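Note sheet for the following structure.
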Amino acid sequence: MAETFEVKDIEEKVILAGVSTGEADDTENSLKELEELVKTAGAATLAKVIQNRERVHPGTYLGKGKIEEVREMALELGATGIVCDDELSPAQMRNLEDALGMKVMDRTMVILDIFADRATTREGKIQVELAQLKYRAVRLVGLRNSLSRLGGGIGTRGPGETKLEVDRRRIHDRIGQLKAELLDVKRHREVARQQRSRNHVVVAAIVGYTNAGKSTLLNHLTDAGILAEDKLFATLDPTTRNLKLPSGQEILLTDTVGFIRKLPHHLIEAFKSTLEEAKYADIILHVVDCSNPQMDMQMYVVYDTLRQLEVKDKEIVTVFNKIDSVEEGTILKDLTSDYQVKLSAKTGENVEELTDILEKILRSRKVYLEQLYPYSQAGKIQLIRKYGELLEEEYREDGIYVKAYVAAESYGNVLPEK
């Protein structure tokens, strides 16, 4: 069997292979994206191969004739490996490697490698390792009997135990440990969410296809200072920043990991606690790269992933980003969202239109207040400033006259006491 292999450790020269089972597959564009993934992982693509079949070969992914074609191409070009555009089963990976006599990787392996390279926080590293171990656990099957060894003593199950069984048990033990650590991180997240809820803080989750410009937008709005590169998965760990709007209203913006087609289910599962920021947010900011020819497909992938995460009943703002890179008059629409805005996070063009929309949404969640407060209750006005939007404040002989919008949940707490 092919070992799980980190692309970044060696300068790999690879051939990309995909199987098209119909027009709906869009295999050509999927391979273009795979080429970007491979490049991000530190390898070079020498060629791309697409086989048209009614279905993927269950044993070797590619058919016999195409395997021979790839083998000859690899010898001619000096390729060190092949990367398949789908997640391979353990049998497919082993059989294909045997037939080609070279390293075989799949799309999932490349994405996991990129994630491992980009994770910097404790939570991110835990989630990536968990996804990698789950991927590897199912690929332990099929190891040769030559791995058998004699065993005995404390910590083994007696003579005849195989290395396969030891490896499997170690992986599952580590998975259990990582799940416990992730549960602890999740508890901290839930405490933070509860605190925000008690303080009536509105949260907007920034979601979108990888490289759509989510981090650039967050940087422009909040000076977050996070890495923003023209690469797939340039940032992995979530970042939350406070945004103070022109009216004085405040909102929390949370960046999330970028989505991608064929996102490995191991990653969705491992990153669930991070991705659930979207589930518990009040507003979804869906950032779309409107300069990408695959924009509609990318939007579909994002909404499909949100459905998998059970994100529903949220106000959605579609942010058509990179407007500076498209022709004027280009029709951009998203029938799923409540609001749309066209802007450039890089140049700042039309960003104020987004803040206006956020102002409007926040105001729609508040109750209008017009009251006269005795001077002895001036502290109530501080609560209004904290949880609402103070429109007018007038000091009179009989007290402080106030016009404001306040969160519905805190309305009763800011009324003057009789």
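Details
- Here segment 235-260 is the region considered, the condition is being under 11 Å from the mean Cα position of the chain (by Cα) and in a loop (DSSP other than H, G, I, E, B), and the residue that is modelled with the highest pLDDT is 260.
- Selection over segment 394-418 of residues that are under 18 Å from residue 362 (Cβ atoms), part of a strand (DSSP E or B) and open to solvent by 50 Å² or more (accessible area, probe 1.4 Å) gives a count of 2.
- Taking segment 108-137 as the range and being under 30 Å from residue 69 (Cα atoms) and either modelled with pLDDT under 80 or touching a Pro at 6+ places or on another chain (Cβ under 8 Å) (or both) as the test, the residues that pass are 108, 111, 112, 135.
- Pairs with Cβ under 7 Å, 6+ apart, first in segment 91-112 and closer than 22 Å to residue 126 by Cα and β-branched (Val, Ile, Thr), second open to solvent by 40 Å² or more (accessible area, probe 1.4 Å) and part of a loop (DSSP other than H, G, I, E, B): 108/87
- Filter result for the condition that a residue is among the hydrophobic types (A, V, I, L, M, F, W, C), part of a helix (DSSP H, G or I) and either touching a Gly at 6+ places or on another chain (Cβ under 7 Å) or open to solvent by 10 Å² or more (accessible area, probe 1.4 Å) (or both), over 361, 357, 331: 357
- Cβ separations smaller than 6 Å between residues 6+ apart or across chains give no pair from segment 305-322 residues that are over 19 Å from residue 359 (Cα atoms) and open to solvent by 50 Å² or more (accessible area, probe 1.4 Å) to residues that are assigned to a helix (DSSP H, G or I) and at pLDDT 90 or above.
- Single residue of 325, 344, 337 found to be among the polar types (S, T, N, Q) and in contact with a Lys or Arg (Cβ under 7 Å, 6 or more places away or on another chain): 344
- Of all residues assigned to segment 303-323, at least one qualifies as being charged (D, E, K, R), closer than 18 Å to residue 341 by Cβ and outside any strand (DSSP E or B).
- Of the residues making up segment 59-76, those that are of a type outside the set (Ser, Thr, Tyr) and either closer than 15 Å to residue 98 by Cβ or open to solvent by less than 20 Å² (accessible area, probe 1.4 Å) (or both) are 59, 62, 63, 64, 67, 68, 70, 71, 74.
- Within segment 369-390, the residues that satisfy the criterion of being in a strand (DSSP E or B) and either surrounded by 12 or more Cβ atoms within 10 Å (Cβ to Cβ) or at pLDDT below 85 (or both) are 369, 371, 372, 373, 388, 389, 390.
- Selection status of residue 52, open to solvent by 50 Å² or more (accessible area, probe 1.4 Å), touching a Ser or Thr at 6+ places or on another chain (Cβ under 7 Å), within 23 Å of residue 261 (Cβ to Cβ) and modelled with pLDDT of 90 or more: yes
- Residue within segment 95-117 that is out of contact with any Cys (no Cβ under 7 Å at 6 or more places or on another chain), open to solvent by 30 Å² or more (accessible area, probe 1.4 Å) and closer than 23 Å to residue 179 by Cα present: yes
- Qualifying residue in segment 138-161 (condition: hydroxyl-bearing (Ser, Thr, Tyr), in a helix (DSSP H, G or I) and either modelled with pLDDT under 85 or within 21 Å of residue 90 (Cα to Cα) (or both)): yes
- Per this entry, residue 199 is not counted among residues that are out of contact with any His (no Cβ under 9 Å at 6 or more places or on another chain) and at pLDDT 80 or above.
- Qualifying positions in segment 1-25 - at pLDDT 75 or above, in contact with a helix residue (DSSP H, G or I) (Cβ under 7 Å, 6 or more places away or on another chain) and more than 22 Å from residue 77 (Cα to Cα): 20
- Hits in segment 275-327 - residues which are at pLDDT below 90, touching a Leu at 6+ places or on another chain (Cβ under 9 Å) and charged (D, E, K, R): 276, 279, 312
The values are calculated or read from the model by the stated rules, or taken from the named source; none is laboratory data. Given the structure is predicted, the values throughout are model-derived calculations rather than measurements. For neighbour counting, all protein chains shown are included, and Cβ atoms are generated from backbone atoms with ideal geometry for every residue, glycine included. For accessibility, only protein heavy atoms count, side chains too; no ligands or nucleic acids. Shrake-Rupley method; radii C 1.70, N 1.55, O 1.52, S 1.80 Å.
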